[in-house]
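Participant: This is the structure, below, for whatever I ask next.
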Amino acid sequence: MRIAIAADHAGRPLLDRVVEALQTAGHDPVLVGPAVSDPADDYPDIARAVGSAVRSGDADRGVAVCGSGAGVSVAATKMTGIRGAVAHDAYTAHQMVEHDDCNVLCIGARVVGSELAAELAVAFAGARFTGEERHVRRLTKILEIEATGG
């Protein structure tokens, strides 16, 4: 699976480990954010880069990393077609795909360490939407909210 990945300056310490873990698990992580840490970078730009790669089809899913995960989550979910969520545990990282068909994982580098971040990314990338009727029904409602703005 091709995974767009980016981090702002706060998330940068996790980036290399997450990329390595995804590669080891057989995925193709593609850096879509800044190649170096810059204290002036902004998490909305990171979220937009990841979300744009997913929306365009350049990536199947994305991982966005900031300090708490909240900022990139808020920004990413403003993009049509992006369903992103913060996960700081492995259950949420896979369940958000299996039940909610999320396509962007948001991680907080000031909340989790590099090994847990690696585990989260691999769980997220390895998960598949179940397609169960109840999940499809709920996803349809989410898409309706997105289409109507509320």
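Coordinate-derived values only; no laboratory data. These numbers come from a predicted model, not from an experiment. As a convention, Cβ positions derive from the backbone with ideal geometry for all residues, glycine included, and neighbour counts pool all protein chains shown.
Participant: Taking neighbour counts of Cβ atoms within 10 Å as a proxy for exposure, in what order, fewest first, do LEU14, LEU143 appear?
Facilitator: LEU143, LEU14
Participant: If I model a spin label as a point 7 Å beyond the Cα along the Cα-Cβ vector, how far apart are those points for SER52 and GLU98 in nm?
Facilitator: 3.4 nm
Participant: How far, in nm, would the chain grow between ASP38 and LEU143 when pulled straight, counting 0.36 nm per residue and subtracting the alpha carbon separation?
Facilitator: Full extension from ASP38 to LEU143 adds 34.3 nm.
Participant: Continuing with this model, one more query. To the nearest 20 debye, what is the magnitude of the charge dipole of the range 2-148 about its Cα centre, counting +1 on the Cβ of each Lys and Arg and -1 on the Cβ of each Asp and Glu?
Facilitator: Around 320 debye, computed over the range 2-148.
Participant: While we're on this one: Using a Gaussian network model of the chain with C-alpha springs under 10 Å, which one of LEU22, LEU105, LEU139 is most mobile by mean-square fluctuation?
Facilitator: Comparing LEU22, LEU105, LEU139 in the GNM, the peak value goes to LEU139.
Participant: Once the piece of chain linking ARG110 and LEU31 is laid out straight, how much longer is it, given 0.36 nm per residue of separation minus the C-alpha distance between them?
Facilitator: Computed gain between ARG110 and LEU31 is 26.4 nm.
Participant: Over all pairs of distinct alpha carbons, what does the Kirkwood formula give as the hydrodynamic radius of the range 12-150, in Å?
Facilitator: With all distinct Cα pairs of the range 12-150 included, I get 15.0 Å.
Participant: Of the peptides 33-40, 56-63, 123-130, how do they stack up when ordered by the mean number of other Cβ atoms within 10 Å, highest first?
Facilitator: 56-63, 123-130, 33-40
Participant: Tabulate in residue order the Karplus-calculated ³J(HN,Hα) for the range 55-72, using 6.51 cos²θ - 1.76 cosθ + 1.60 with θ = phi - 60°, rounded to whole Hz; enter x for Gly and Pro.
Facilitator: Per residue, the Karplus-derived 3J(HN,Hα) values read 4, 6, x, 5, 9, 7, 8, x, 10, 10, 10, 9, x, 9, x, 5, x, 5 Hz.
Participant: Follow-up. Give me the number: length gained by fully extending ASP16 to ALA70, i.e. 0.36 nm times residue separation minus the C-alpha to C-alpha distance, one decimal in nm.
Facilitator: Contour length minus the Cα-Cα distance gives 17.4 nm.
Participant: Now a separate question. Between ASP45 and HIS135, take the C-beta separation as r, use R0 = 35 Å, and let me know the FRET efficiency to the nearest 0.05.
Facilitator: 0.65
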